[in-house]
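Step one of this worksheet: look at the structure below.
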Amino acid sequence: MLALFGGAAFWLVVCSVLGLVASIKFHAPDFLANCVWLTYGRLQPAADDALLYGFCLPAGLGVALWLLARLSQTTLRGIVVPIAAANLWHLGVFVGLAAILIGDGTGFAWLEFPRGGSVPIFFAYLMLALWATMIFAGRRERAMYPSQWFLLAALFWFPWIYSTANLFLVAWPVRGVAQAVIGWWFAGNLLVVWTGLIGLGAAFYFLPKFTGRPLQSHYLALFGFWTFILFATWCGIPPGAPVPVWMPTLSAVAAAWLLVPLLAIFLVVWQTVRGSIMPNWNNTSFCFIGAGVDSFLLSGLMLMAMACPQISRVTDFTWFGPAETQLRLYGFFAMTMFGAIYHLLPRVVGLEFPFPKLARAHFWLSLAGVALLVVPLAIGGVVQGLKWQNPNAIAFADTTKAMLPFLRVSTTGLLLMLLGNLLLFVNIMGLTLRWKLALLKQFTAFVKSPLAETSAGASLRDEKEAQA
Amino acid sequence: MKNGFLVFLASLIALGGSWCGFVLAPVLQLGGGKQTTILNSSGLYPVDRPGMANQGLQVYRANGCAACHTEQVQQSGVACDVVLTGAGKNPEVVTNLISSLKLNGLDKDLADALVDKITAAGGKAEIRIVATGPDIDRGWGRRHSVAEDFLYDDPVQLGNLRIGPDLADVGMRQPDANWQLVHLYAPQSEVKGSAMPPFRYLFRVKKIGSAPSPDALAFPKDFGPPAGYEVVPAPQAQELAVYLLSLHADVPLHNAPFSQSAAVFKP
């Protein structure tokens, strides 16, 4: 677990730094302009991928593994597999990011890692997913909890979409705009469906646990699950795309139906947390996950808006799209994972975080950062889109200039997020250090007193579980 | 739901459905990659870009140009313009007639009626089909982008964010290679206040030798290198410029019609 989350927190900081540098370039295009591998067109995809592949996926996998083991009432066995997989994963991310910065990116949004990065993370994912499936198969509790549907579907879906996209776009590229369609399908399914399934699976476990009320109700959650995977998997082809008309039409219809799972999920969450918000106000994990679910619903509404042809005429190609993506990836998914990590990591390791107060600061910094990033971009995007409708009165260069104040605020938001992410990194590193020290202490005790062998040996085994 | 296998099966069907719809079907429909005929002509479209332009596309990809530029023009509809192609025997009557009429942005029936009216007055008129919409009005293209435009591109760089202008037709807008190169080297020299980062690393500044290099850039006032020096594009910059010049989707197609300009009669 530490290997997965520690690396994830590191990439999160990397992503924030890259994103911040990229953002500064709007205000000073000349900033670092002579450095080949720090040009905006490489930095921005690298920052995006560091967030998605560096943080979101490994953190999501770690949380999913822990939840599946918890819900199956089994302990984690075969620890070597996830440790190896986590290291392989982070190696893949490193190679992938380096490749983007030296200009070897594939040119497909959210799929920029070339073979050197995508193959390791694919196999690392397979190892983790198979390991999780084995835990699930060996479960002691036969009845399935709603979170398990969400998590298992997500575990199963990623290898499918990732291999499809890499084979059809990178290994043996298909011709023409079929590339773009597959790219949109992949990005939509990874950014909306995969993160949605993992994030909601976690929320449906943690929220009832924190509030002490059972999930209201299992049937509604099941309904939300099926409708979500039925409709969300078809979203993503933008309305004005230069492809046969049936594709964007189908996407728009699916996006409109997305209201059904959004309502179901809202009802489940609302009825579960109703009346328990104030008593849980001091629980940082609860706040993180609550903010995450709100962001999920809001970004879902934004997604629906962008798929509606009347609205997309204005929002298409504006900053409204990136605002939605950031709200979803950071506001929803990362925040939910933060909440889960702050809850589960001390339990896995058996030690407290060294700086528990920083977690609270992390929450407020993240919340303020996301708000300052997303709100100006969304409003600016609409303003920008409305100005573009008026080509005879407003020159394009002026619309770009008018966007600068909004971008300035969003840069501030990125800065706050960077600070928050640094706090998480410090906390996880501190915890790792503590745990290593404890391990060392136990080991010396074990060497010094052979008589106490049985108990020390047993606790050593527990520690090994923690390492995964 | 006690059975894990059931969850697996149902997910397989729900998720696999979208795979069939948005992976399999598009590959079957679009992956064949056939050229199409140009409207009112026997010519085929598109033709592959020259080799240097394809290398330029790789430069475009490597530097992430698509992070800021789209390559897809959109249009909101089609309208008819009526143009006078000849004034006939009574030019004054015809000129008076058309000066009182709205000739642009009509629907088909109105345009037909107008042409009949002008013909009755002795003039000659034609209907021209034009695409409409903000992108078209900005001069970013003559019609919306369609699937055919990208047949030979790999990777297809549609883009989804317009921090800078659309480039689907940039080769028509700025056909001058020197302009493209100078703009890449120092964007603010050609577009005042441009937010585009300079791509100086694609160029070399060197001392002018016995004779100036034939590839050296010609700069607008105040932007050139210091005296005695010249800016020479590296091969990558030249490839990128060739690629940019090769971007012009200016051919009318069945699913994206517009009329090529006719000889307009000016009274």
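The values are calculated or read from the model by the stated rules, or taken from the named source; none is laboratory data. Quick caveat, the model's predicted, so the values are computed rather than measured. Cβ placement follows ideal geometry from the backbone for every residue including glycine, while neighbour counts extend to all protein chains displayed. SASA here: full protein model, heavy atoms, side chains in, ligands and nucleic acids out. Shrake-Rupley method; radii C 1.70, N 1.55, O 1.52, S 1.80 Å.
The residue that is modelled with the lowest pLDDT, counting only those in the range B:43-67 that are aliphatic (A, V, I, L, M) and touching a Phe, Trp or Tyr at 6+ places or on another chain (Cβ under 9 Å), is B:Val47. Inside the range B:135-150, can you point out the residues that are touching a helix residue (DSSP H, G or I) at 6+ places or on another chain (Cβ under 9 Å), part of a loop (DSSP other than H, G, I, E, B) and either open to solvent by 10 Å² or more (accessible area, probe 1.4 Å) or small (Gly, Ala, Ser) (or both)? Listed by number, the residues that qualify are B:Arg138, B:Gly139, B:Trp140, B:Gly141, B:Arg142, B:His144.
Can you confirm whether B:Gly164 is modelled with pLDDT under 95, within 22 Å of the chain's Cα centre (by Cα) and not in a helix (DSSP H, G or I)? Break it down stepwise before answering.
Working: modelled with pLDDT under 95: yes; within 22 Å of the chain's Cα centre (by Cα): yes; not in a helix (DSSP H, G or I): yes.
Criteria met by B:Gly164.
Could you tell me whether any residue of the range B:165-176 is of a type in the set (A, V, I, L, M, F, W, C), within 24 Å of B:Asp222 (Cβ to Cβ) and open to solvent by 30 Å² or more (accessible area, probe 1.4 Å)? Can you show your working first?
Kept after step one, since they are of a type in the set (A, V, I, L, M, F, W, C), are these residues of the range B:165-176: B:167-168, B:170, B:172.
The next check asks that each one be within 24 Å of B:Asp222 (Cβ to Cβ); those that pass are none.
No.
The listed residues are B:Lys89, B:Lys102, B:Lys34, and the only one of them that is in a loop (DSSP other than H, G, I, E, B), within 12 Å of another protein chain (Cβ to nearest Cβ) and not small (Gly, Ala, Ser) turns out to be B:Lys34. Inspection of the range B:63-76 finds no residue satisfying the criterion of being in contact with a Ser or Thr (Cβ under 6 Å, 6 or more places away or on another chain), in contact (Cβ under 8 Å) with a residue 24 or more places away in the chain and not in a loop (DSSP other than H, G, I, E, B).
Looking at this structure, is A:Glu352 among the acidic types (Asp, Glu), at pLDDT below 95 and within 26 Å of A:Phe204 (Cα to Cα)? Before you say what the answer is, go through the steps one by one.
Numbers: among the acidic types (Asp, Glu): yes; at pLDDT below 95: yes; within 26 Å of A:Phe204 (Cα to Cα): yes.
Yes, satisfied.
Yes/no per residue for (1) open to solvent by 10 Å² or more (accessible area, probe 1.4 Å); (2) within 17 Å of the chain's Cα centre (by Cα); (3) of a type in the set (Gly, Ala, Ser):
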{"position": "A:Leu263", "(1), (2), (3)": "yes, no, no"}
{"position": "A:Gly275", "(1), (2), (3)": "yes, no, yes"}
{"position": "A:Ser295", "(1), (2), (3)": "yes, yes, yes"}
{"position": "A:Leu301", "(1), (2), (3)": "yes, no, no"}
{"position": "A:Arg313", "(1), (2), (3)": "yes, no, no"}
{"position": "A:Thr336", "(1), (2), (3)": "no, yes, no"}
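Considering only residues that are in a helix (DSSP H, G or I) and open to solvent by less than 40 Å² (accessible area, probe 1.4 Å), look in the range A:380-396 and name the one that is farthest from B:Val73 (Cα to Cα). Talk me through it step by step, then tell me what you get.
Initially, the range A:380-396 is screened for residues in a helix (DSSP H, G or I), giving A:380-388, A:396.
Keeping just the survivors that are open to solvent by less than 40 Å² (accessible area, probe 1.4 Å) gives A:380-381, A:384-385, A:388, A:396.
Working: A:Gly380: 22, A:Gly381: 18, A:Gln384: 17, A:Gly385: 15, A:Trp388: 13, A:Phe396: 14 Å.
So the residue we want is A:Gly380.
Just checking, which of B:Val231, B:Val205 is open to solvent by less than 40 Å² (accessible area, probe 1.4 Å), touching a Pro at 6+ places or on another chain (Cβ under 6 Å) and part of a strand (DSSP E or B)?
Values: B:Val205 fails: open to solvent by less than 40 Å² (accessible area, probe 1.4 Å).
Criteria check complete, one pass: B:Val231.
What's the total number of residues in the range A:172-196 that are free of Cβ contacts under 8 Å to residues at least 40 places away in the same chain and either crowded, with 20+ Cβ neighbours inside 10 Å or hydrophobic (A, V, I, L, M, F, W, C) (or both)? Give the steps one after another, and end with the answer.
To start, the set of residues in the range A:172-196 that are free of Cβ contacts under 8 Å to residues at least 40 places away in the same chain comprises A:172-176, A:178, A:182.
If we keep only those that are either crowded, with 20+ Cβ neighbours inside 10 Å or hydrophobic (A, V, I, L, M, F, W, C) (or both) as well, we get A:172, A:174, A:176, A:178, A:182.
Matching residues across the range A:172-196 total 5.
B:Asp81 satisfies every condition listed in (1) in the same structural domain as B:Gly122 (by TED's automatic domain parsing); (2) touching a helix residue (DSSP H, G or I) at 6+ places or on another chain (Cβ under 6 Å) except (2).
Candidates are the residues of the range B:86-134 that are open to solvent by 30 Å² or more (accessible area, probe 1.4 Å) and small (Gly, Ala, Ser); the one that is modelled with the lowest pLDDT is B:Gly88. Residues satisfying the criterion are absent from the range B:13-22 (criterion: within 28 Å of B:His254 (Cα to Cα), more than 8 Å from chain A (Cβ to nearest Cβ) and in contact with a helix residue (DSSP H, G or I) (Cβ under 9 Å, 6 or more places away or on another chain)). Screening B:Val73, B:Val83, B:Val47 for residues that are under 30 Å from B:Ile127 (Cα atoms) and open to solvent by 50 Å² or more (accessible area, probe 1.4 Å) leaves exactly one candidate, B:Val47. Restricting the range B:175-202 to residues that are assigned to a loop (DSSP other than H, G, I, E, B) and away from chain A (no Cβ under 14 Å), the residue that is farthest from B:Pro235 (Cα to Cα) is B:Pro175.
Yes or no, residue by residue, for (1) β-branched (Val, Ile, Thr); (2) assigned to a helix (DSSP H, G or I); (3) within 12 Å of chain B (Cβ to nearest Cβ):
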site: A:Ala85; (1), (2), (3): no, yes, no
site: A:Trp110; (1), (2), (3): no, no, yes
site: A:Pro120; (1), (2), (3): no, yes, no
site: A:Leu126; (1), (2), (3): no, yes, no
site: A:Ala129; (1), (2), (3): no, yes, no
site: A:Ala143; (1), (2), (3): no, no, yes
site: A:Ala154; (1), (2), (3): no, yes, yes
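When we screen A:Phe228, A:Phe206 for residues that are in a helix (DSSP H, G or I), surrounded by 21 or more Cβ atoms within 10 Å (Cβ to Cβ) and in contact (Cβ under 8 Å) with a residue 60 or more places away in the chain, the only hit is A:Phe206. A:Ser285: of a type in the set (S, T, N, Q) and either buried (at least 23 other Cβ atoms within 10 Å of the Cβ) or assigned to a loop (DSSP other than H, G, I, E, B) (or both), yes or no? No.
Taking (1) closer than 23 Å to A:Val17 by Cβ; (2) within 14 Å of another protein chain (Cβ to nearest Cβ) in turn, A:Phe396 satisfies each apart from (1).
Just one of (1) open to solvent by 10 Å² or more (accessible area, probe 1.4 Å); (2) in contact (Cβ under 8 Å) with a residue 12 or more places away in the chain; (3) under 15 Å from the mean Cα position of the chain (by Cα); (4) facing another protein chain (nearest Cβ under 8 Å) fails for B:Gln157. It is (1). Of all residues in the range A:1-48, those that are aromatic (Phe, Trp, Tyr) and more than 23 Å from the chain's Cα centre (by Cα) total 3.
Quick one: which of A:Phe26, A:Phe55 is under 23 Å from A:Leu416 (Cβ atoms), open to solvent by less than 10 Å² (accessible area, probe 1.4 Å) and part of a helix (DSSP H, G or I)? Spell out the reasoning first.
Working: A:Phe26 fails: open to solvent by less than 10 Å² (accessible area, probe 1.4 Å).
Testing whether each residue is under 23 Å from A:Leu416 (Cβ atoms), open to solvent by less than 10 Å² (accessible area, probe 1.4 Å) and part of a helix (DSSP H, G or I) leaves just A:Phe55.
The residues of the range A:156-173 that are outside any helix (DSSP H, G or I) and within 7 Å of chain B (Cβ to nearest Cβ) amount to a single one, A:Pro173. Scanning for something among the charged types (D, E, K, R) and more than 24 Å from A:Leu197 (Cα to Cα), does the range A:53-76 turn up at least one residue? No - not one qualifying residue is present in the range A:53-76.
Could you pull out the residue among A:Gly176, A:Gly212 that is at positive phi, more than 8 Å from chain B (Cβ to nearest Cβ) and modelled with pLDDT under 95? Before you say what the answer is, go through the steps one by one.
Details: A:Gly176 fails: more than 8 Å from chain B (Cβ to nearest Cβ).
Matching residue, one of A:Gly176, A:Gly212: A:Gly212.
If you go through the range B:47-78 and pick out every residue that is more than 30 Å from A:Gln389 (Cβ to Cβ) and within 10 Å of chain A (Cβ to nearest Cβ), you end up with 6. Taking the conditions exactly as written (surrounded by fewer than 20 Cβ atoms within 10 Å (Cβ to Cβ) and among the aliphatic types (A, V, I, L, M)), does B:Ala53 satisfy them or not? For B:Ala53, the condition - surrounded by fewer than 20 Cβ atoms within 10 Å (Cβ to Cβ) and among the aliphatic types (A, V, I, L, M) - is not met.
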